[in-house]
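**Q** Let me give you the structure first, and then I'll get to my questions.
Readers should treat all values here as calculations from the given coordinates under stated rules, not as data from a laboratory. Bear in mind that the values here come from a model prediction, so they are computed numbers and not experimental data. Here the Cβ is made from the backbone with ideal geometry for all residues, glycine too, and neighbour counts use every protein chain on show.
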Amino acid sequence: MVVVMKEDATREQIQNVIARLMEENFDVHQSTGVSRTIIGAIGEKRGLDTRKIAILDGVHEVLRITEPYKLASRTFHPDNTVIRIGEVAIGGDEVVVMAGPCSVESEEQIDRIAAEVSRAGAKILRGGAFKPRTSPYSFQGLGEEGLRLLREAADRHGLLAVSEGMDRSKIDVVAEYADILQVGARNMQNYDLLRELGKIRKPVLLKRGMSATIEETLMSAEYIMSGGNYEVILCERGIRTFEQYTRNTMDISAIPVFQKLSHLPVIADPSHGTGIRDKVAPLARAAVAAGANGLMIEVHHEPECALSDGAQSLYPEQFVRLMQECGIIAEAIGKRLPQSRPVAAAGS
């Protein structure tokens, strides 16, 4: 349930309500909105008379949350969550772009791509170091060395970094190098991993599973948030359907649905959403028009030689053009998208 405090509720009254809920063995989570404090009480207490809480000093109203996801619900947190990492804010008026190769392959490769995407206006460098591949014989990533190269390239070009940890044993090493930890589509329902990510204090990018419903995705976010980490970014990256002409079916409609049901920021990954280079830009434009808070785009200077996902990676010049197009669309719906900027000098 949710306890909505009065606008003029004192700190003492808020703490008194929290203490009362804890006496009832609820897990208590506090959210401070624009004008009111909201207290979420998580637990199975079917027999509790909510009037006992409603009469406490400072309480405006008590609401039962009908959705199975409590902390991710807008009922608990009516205002949009904005995740701030340094000067980057995900979930606000700016459409934040994450771009880079599917995999970190070498120092020269990641540095060159970092320079290109930074110049075009991206704020976050993406790159895999641990790669979950369908075939055990495919390139599996450079491991910690790849993370080090990603971090150094991001720092040289004024970018943040996002990368995936495939299991619990990789969380600490990825967190050491990356600003955002990614949960890939194959791991969206790896609940042991999600629980561990709930214990860290870095943002988590949660990709929708290939066969996951919207509610299942929000329940996975709930696993992370129930551990105390509220900085979760949802990512629509396409789902598996009977269609054969694209790698996945990009569910553009999921973006506004997620935003109606949840306060968490939502980004789109049109690279995996279609798996075909010339379809990435149209889907990216559509995602911005649908209200996405950000984009994740695969970019490679030589995609024909890429060790993974070359067929869906944009050339740098295509990425520049896409950023310009998405900037126009963002402006039309009252948002903004950063455009080209000078690349930071090495060592600065």
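**Q** Placing +1 at every Lys and Arg Cβ and -1 at every Asp and Glu Cβ, with all other atoms neutral, what dipole size does the stretch 1-133 have around its Cα centre, in debye to the nearest 20?
**A** Around 380 debye, computed over the stretch 1-133.
**Q** For Rg and Dmax of the Cα atoms in Å, several values are listed as (i) 23.7, 108; (ii) 21.1, 67; (iii) 20.0, 63; flag the one computed from this structure.
**A** Identified label for the calculated read-out: (ii).
**Q** Separate question: Counting each DSSP H run of 4 or more residues in the chain as -39500 (n - 2.57), what helix-only mean residue ellipticity at 222 nm follows after dividing by all residues, to the nearest 500 deg cm²/dmol?
**A** The helix-only estimate for the chain comes to -9500 deg cm²/dmol at 222 nm.
**Q** Could you count how many Lys pairs in the chain have their Cα atoms under 23 Å apart, skipping same-chain pairs fewer than 8 positions apart?
**A** Close lysine pairs under the 23 Å cut-off: 23.
**Q** Sticking with this one: Cut-off 19 Å, label point 7 angstrom out along Cα-to-Cβ of residue 134: give me the residues of the stretch 237-253 whose amide nitrogen falls inside.
**A** What the label zone holds, given the 19 Å backbone N cut-off, is 237-251.
**Q** While we're here: Taking the Cβ of each residue in 59, 17, 257, 280 as the centre, tally the other Cβ atoms inside 10 Å and list the residues starting with the fewest.
**A** Ranking 59, 17, 257, 280 by Cβ neighbours within 10 Å, fewest first, gives 257, 59, 17, 280.
**Q** Among the GluC sites (Glu not before Pro) in the stretch 61-160, which ones are in a DSSP loop with at most 11 other Cβ atoms within 10 Å of the Cβ? Mind listing them?
**A** Within the stretch 61-160, the qualifying GluC sites (Glu not before Pro) (loop, at most 11 other Cβ atoms within 10 Å) are 87.
**Q** List the chymotrypsin sites (Phe, Trp or Tyr not before Pro) in the stretch 212-251 that DSSP assigns to loop (not H, G, I, E or B) and whose Cβ has at most 13 other Cβ atoms within 10 Å. Which are they?
**A** Those that pass, being in a loop and sparsely packed, are 242, 245.
**Q** If the only charges are +1 at each Lys and Arg Cβ and -1 at each Asp and Glu Cβ, what is the size of the charge dipole of the chain around the Cα centre, to the nearest 20 debye?
**A** Dipole of the chain, to the nearest 20 debye: 540 debye.
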